[in-house]
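Okay, so here's the structure we're looking at.
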Amino acid sequence: MRTPTATAKIDWPVIRRWRVAAHHLNRRGAAGDLRGIVTGLCGLHARLQTSPELALWARMRGVTRETVPDALWKRRDLVKTWATRGVPHLLPSDEYALWQAALSTYHPQLTGGGTVRNERLTETVGAVLMGTTLTGDGLLDEVAARLGRDEAERLRQDWETLLRSASVLGELCFASDDGFTNPRTWLPRAAEHRPARAVAELARRYLTLNGPATKSDLGRWWGVGPAEAGRIFERMGDELAVVDVNGTNAWFPAALLAELRDAPPVRSVRLLPAFDPYVVSAESHARRLTTGDFTARIYRPWERLSPVLLVNGGMAGTWTHEVTDKRVNVTITPFRPVAKNVRVAIEKEAAGLAEFFGGELDLRQT
């Protein structure tokens, strides 16, 4: 990809203002806008059970502990499946086909090879799950019955890779917290999408949410190298603008460039959960969004991310909580002293968190 010429200069304060609004963190949306929020966030990270619940709570009014389970298992408005970087996500069910088509383009990178043997295994998984729900152990037993015990023992050593592979190829999704099924019998039938167009659509959404972004930024999120990410940008052509962000070329939807420049100031305080989309997407440039060099307290070893205190778009501290039978103990640890109005806003957010968990608040601000 040739080196393009930037058409505008954008600084980080402007980018911060844009991202807070794009991530629905400037003000909470109306109750019932779950699908719109999940779509706009390019899905919700679901490695931890409470992550998607609290990510929605930080963005939408009226969220309860039943909101996500009802959307997943009762109404099936959302579907849980492996998505970007091989991590479980919650996605809108009516967009499952779009995501599956896009994810299929980097199946070998996600699954560790995409060999003929893998194809046979994933097809077997899909056949076993057609019209039924099985736990991981039950699925392994059924696959073993069809392929033989020796194969089952090999599978047991790399079971999650097989689950990711079957998921990306459209043969498996979650049907409960610990159960799997075939999406063709779990979700409504949907029109197929061309993989290249699906990738472009998701890249467009990513840039709207997390832009301006470099090739490395997109590649890190999507699970490909910078060169392939550059080719995605190139295929999107004139719909993208190249901007200069502190001397680095970054890409952004051209039609939104004027709105980016005019992004209004934000005044909001939020308690973001571990693996919140705002925090995950900022990893490569976290120092630009943190009040001081405290990124090691957020992005910890072994891909662990701390819950974050967000103040006006800046990652201003971390927090923890513990839920007992009657109390919700919340500890806020700002990186630097915060103003009185921010402390008041923190108290309000913590009270909302206690209400979410159904307990009496015990707040400590260090």
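So here's what we get for this one:
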{"item": "Normalised per residue, the volume of the convex hull around the Cα set of the chain (Å³)", "result": "145"}
{"item": "Globularity ratio of the stretch 274-366, using Cα Rg and 2.2 N^0.38 Å", "result": "1.10"}
{"item": "Protection-proxy order for peptides 336-345, 352-361, each taking the mean of Cβ atoms within 10 Å per residue, highest first", "result": "352-361, 336-345"}
{"item": "Cross-link reach list, lysines versus Lys340, counting only Cα pairs under 30 Å and skipping chain neighbours closer than eight places", "result": "Lys326, Lys348"}
{"item": "Portion, in percent, of the accessible area of the chain that falls on carbon or sulfur, probe 1.4 Å", "result": "48"}
{"item": "The stretch 133-182 shape via C-alpha gyration tensor axes, a/c threshold 1.5", "result": "prolate"}
{"item": "Mean accessible surface per residue for the stretch 1-75, computed with a 1.4 Å probe while every protein chain stays in place, in Å²", "result": "46"}
{"item": "19 Å Cα-Cα reach of Lys9 towards lysines, excluding residues that sit fewer than 8 places from it in its own chain", "result": "Lys215"}
{"item": "The stretch 197-295 - Rg over Rh from alpha carbon coordinates, Kirkwood radius", "result": "0.97"}
{"item": "Protection-proxy order for peptides 294-301, 18-25, each taking the mean of Cβ atoms within 10 Å per residue, highest first", "result": "18-25, 294-301"}
{"item": "The stretch 133-196-the stretch 320-366 distance, computed between alpha-carbon centres (Å)", "result": "40"}
{"item": "Scattering profile of the stretch 133-283 at q = 0.17 Å⁻¹ [log10 I(q)/I(0), Debye over alpha-carbon scatterers]", "result": "-1.08"}
{"item": "Additional length obtainable on full extension of the chain from Arg61 to Glu151, 0.36 nm per residue less Cα span", "result": "27.5 nm"}
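The values are calculated or read from the model by the stated rules, or taken from the named source; none is laboratory data. Bear in mind that the values here come from a model prediction, so they are computed numbers and not experimental data. Methodologically, a virtual Cβ is constructed for each residue, glycine included, from the backbone with ideal geometry; neighbour enumeration extends over all protein chains shown. Note: areas computed on protein heavy atoms with side chains; ligands, DNA, RNA excluded. Shrake-Rupley method; radii C 1.70, N 1.55, O 1.52, S 1.80 Å.
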